[in-house]
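Notes follow once the structure below has been shown.
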Amino acid sequence: MAELMLGKEVNASLNEKIKANVEALKQKGVVPGLGIVRVGENPGDLSYEKGAVRKCETLGISCRRFLLPKDVSEKELLAVIEMLNNDDLIHGVLLFRPLPKHLRSSVIENALAPEKDVDCMTELSMAGVFTGKKIGFPPCTPQGCMEILDYYGVDCTGKKAVVIGRSLVVGRPAAMMLMDKNATVTICHSRTVDLPSVTREADILIVAAGQAGMIGADHVRKGQVVIDVGINVTGEGMLCGDVDYQAVEPIVSAITPVPGGAGSVTTTVLAGHVVEAAMRREESALKEK
Ligand code: NDP
């Protein structure tokens, strides 16, 4: 039987650190603030927003939501971002993406002040991840995966890591972060030939393809650590991952469930970034004095 790597255990550990930092900020009269910008009513965004607001409120982070219609103009959306950039009570901004097609994503994403970019949407933050210089904040989901590996004591040094998915939101940054931890990394995608033979080579397998149950018994072997980032909804309305849990769990040595695994750590990481952004602001204000 595989060790279950549970989001709630990782979260409990992260929450302790975040709460201590929130308390330290409170002593200085600062309440960390998150601005959430949502365009339209995408069900996935609504569900993530609900979780993020609940998480922030439990940790003492204030949340303000800016809800815009799906036909919002670029000018109006840019005006909201500009307003958040100039609002001292907001330390971090979460903008749901992908944006509707009539909006130029790159113009909007890069309009955000880098110091408030708590989910790595500006090119500057992304450059931090890809150059290893750690400018700004890394994207929350792949960082959540790294937190899971750290919490469960998985040493990546010298290990073979395989990431399925090459999106800028999960796959690519996850691969960079694994490389930073000294793993030897392979990235797979929809054109990868003979995926099972590649994934069976992995010591650590991170799956972020968005294909329900695509990883089965023939993709894995004994001794592997598997993180399932996929969030899919079945015909019956149930959440499931990209890994066929029933088939894979008896074979590998550790696995995250869906729900209750990687997804639940993402909002905790986001909350941690907002608090960190508030702390960085305090530090730079002190230096300026
Ligand atoms: P994208 O659709 O942007 O990327 C999916 C990637 O998977 C692509 O690179 C694609 O390859 C690859 N892929 C798709 N099918 C296959 C296949 N059969 N074999 C190999 N590779 C394949 O998705 P995201 O990266 O945004 O998200 C991935 C998953 O993670 C989704 O289920 C999403 O819901 C979930 N997610 C969870 C989050 C959380 O936990 N909080 C946050 C963000 C995402 P190609 O590039 O060739 O098309």
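The values are calculated or read from the model by the stated rules, or taken from the named source; none is laboratory data. Being a predicted model, the structure only gives us computed values, none of them experimental. Neighbour counts run over all protein chains shown; Cβ positions are idealised from the backbone, glycine included. Note: accessible area is taken over every heavy atom of the protein model, side chains too, but ligands, DNA and RNA are not part of it. Shrake-Rupley method; radii C 1.70, N 1.55, O 1.52, S 1.80 Å.
Summary table
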| read-out | value |
| --- | --- |
| Among Pro257, Val154, Ala174 the positive-end extreme of the charge dipole of region 140-263 (Cβ point charges) | Ala174 |
| Cβ charges +1 (Lys, Arg) and -1 (Asp, Glu), total dipole of the chain, debye | 380 |
| Highest average packing first - 264-276, 18-30, Cβ atoms within 10 Å | 264-276, 18-30 |
| Heavy-atom surface of the chain, accessible at 1.4 Å and reported per residue (Å²) | 49 |
| Three-way shape label, region 140-263, alpha-carbon gyration tensor, a/c 1.5 | rounded |
| Antiparallel DSSP beta bridges within the chain, percent to nearest 5 | 5 |
| Normalised contact order of the chain, rounded percent, pairs of Cα under 8 Å and 6 or more residues apart | 23 |
| Built amide H within the under 5 Å cut-off of Cys240, gap 5+ | Asn232, Val233, Thr234 |
| Ordering of 2-14, 190-202 by packing [mean C-beta count within 10 Å, highest first] | 2-14, 190-202 |
| Protein accessible area in the chain, 1.4 Å probe - carbon and sulfur % | 55 |
| For q = 0.11 Å⁻¹, Debye-computed log10 I/I(0) when each Cα of region 28-113 counts as one equal scatterer | -0.30 |
| Built amide H within the under 5 Å cut-off of Ile164, gap 5+ | Cys188, Ile206, Val207, Ala208 |
| Charge context of His102, other residues only, Cβ under 11 angstrom, K/R +1, D/E -1 | +1 |
| Peptide ranges 49-60, 79-90 listed from the most packed, as the mean C-beta count within 10 angstrom indicates | 49-60, 79-90 |
| Summed side-chain charge close to Val269 - residues other than Val269 whose Cβ falls under 11 Å, Lys, Arg +1, Asp, Glu -1 | -2 |
| Reachable lysines from Lys160, criterion Cα separation under 24 angstrom, eight or more residues apart if same chain | Lys133, Lys134, Lys181, Lys222 |
| Distant-in-sequence amide H partners of Val37 (H built 1.01 Å from N, under 5 Å) | Phe66, Leu94, Leu95, Phe96 |
| Unit charges at the beta carbon, dipole of region 180-289: most positive-side option, Ala217, Val269, Met279 | Met279 |
| Ellipticity estimate at 222 nm from DSSP helix runs (n ≥ 4, -39,500 (n - 2.57)) divided over the chain, nearest 500 | -13000 deg cm²/dmol |
